[in-house]
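The values are calculated or read from the model by the stated rules, or taken from the named source; none is laboratory data. Just so it is clear, the structure is predicted and the values come from calculations on it, not from any experiment. Here the Cβ is made from the backbone with ideal geometry for all residues, glycine too, and neighbour counts use every protein chain on show.
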Amino acid sequence: MGALDFLRPAKKVPTVWWSSDDPMSTRPKLSTLVILVIGEFLFGLGDAVLIAAEIGNTPWTVLAEGIAEVIDWSIGEATFLVSVAVLFLWIPIREIPGIGTVLNAIIIAGTIEITVHLIPTPETILVSYLQVSLGIVLIGIGSAMYLTANLGPGPRDGWMTGLQRVTGIPIGWVRITIEISVLIIGVILGGTFGMGTILFALTIGSVVAVCLAIADKIGSLP
């Protein structure tokens, strides 16, 4: 029963010992910054693992890949471009980026740029599915780490929560609308949509929730 409690999905982002007291802090604790950077690296690595599996990317990476195809950039460079473009969308909704927001854009795109070429393409469909599963887990762990650091949301998360705040539309509907929209645009531009995309969409919420619950338990240890 204890193990089941340990893995019970979290319903919100917990406050743990490494969480910043102020999301707008420009001088966070070293432990907070380390957790943030590792989390964003793992997120980018998970994204690269999904890309290398070649059976479907995350919705935002489908968009980035489509843009990369059109303007002849690498997928890492296009990912950074998308992050910067989304940050400009924060201006009309008066969202303010934190240090974690800026590092999110830089580290995730940089990690994809460096690692995606180092990960071999699977030779069988089974290995592709296993690789997608690994990518989803890495993204879930990375998300839990950078979210609990509490140094500002990523560009996409901040835009989503900001839109919810100014429109009053439930957050679930805002997220679904945004992700379906970027996915459709990405597919039209030539991004890779497939079973990996569907598996990500169906499982990432639960994986992040479980990872947040684990972070809460670890962060509560004396």
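Data overview
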| item | result |
| --- | --- |
| Unique match (being assigned to a helix (DSSP H, G or I), crowded, with 18+ Cβ neighbours inside 10 Å, of a type outside the set (D, E, K, R) and over 15 Å from the mean Cα position of the chain (by Cα)) among Gly142, Gly162 | Gly162 |
| Residue in the range 48-56 that is assigned to a loop (DSSP other than H, G, I, E, B), over 18 Å from the mean Cα position of the chain (by Cα), aliphatic (A, V, I, L, M) and farther than 23 Å from Ile141 by Cβ present | no |
| Given (1) in contact with an Asp or Glu (Cβ under 8 Å, 6 or more places away or on another chain); (2) not in a loop (DSSP other than H, G, I, E, B), index of the condition Gly191 fails | (2) |
| Those residues of the range 183-213 which are small (Gly, Ala, Ser), exposed (fewer than 15 other Cβ atoms within 10 Å of the Cβ) and either modelled with pLDDT under 95 or under 18 Å from the mean Cα position of the chain (by Cα) (or both), in sequence order | Gly205, Ser206 |
| Thr111 vs. criteria touching a residue at least 60 places away in the same chain (Cβ under 8 Å), under 22 Å from Ala64 (Cβ atoms) and of a type in the set (Ser, Thr, Tyr) | yes |
| Single residue of Ile180, Ile171 found to be farther than 27 Å from Ala68 by Cβ, under 19 Å from the mean Cα position of the chain (by Cα), exposed (fewer than 14 other Cβ atoms within 10 Å of the Cβ) and of a type in the set (Val, Ile, Thr) | Ile171 |
| Qualifying position, being at pLDDT 95 or above, part of a helix (DSSP H, G or I) and crowded, with 22+ Cβ neighbours inside 10 Å, among Ala105, Ala85 | Ala105 |
| Filter result for the condition that a residue is buried (at least 19 other Cβ atoms within 10 Å of the Cβ), over 23 Å from Val208 (Cβ atoms) and β-branched (Val, Ile, Thr), over Ile67, Ile75, Ile136 | Ile67 |
| Filter pass, Ile176 being assigned to a helix (DSSP H, G or I) and either within 22 Å of Ile112 (Cβ to Cβ) or at pLDDT below 90 (or both) | no |
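Rundown of residues vs (1) of a type in the set (A, V, I, L, M, F, W, C); (2) at positive phi; (3) without any contact (Cβ under 8 Å) to a residue 40 or more places away in the chain, yes/no style:
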residue: Leu42; (1), (2), (3): yes, no, no
residue: Leu45; (1), (2), (3): yes, no, no
residue: Ala48; (1), (2), (3): yes, no, no
residue: Leu63; (1), (2), (3): yes, no, no
residue: Ile71; (1), (2), (3): yes, no, yes
residue: Thr79; (1), (2), (3): no, no, yes
residue: Leu87; (1), (2), (3): yes, no, no
residue: Pro92; (1), (2), (3): no, no, yes
residue: Ile99; (1), (2), (3): yes, no, no
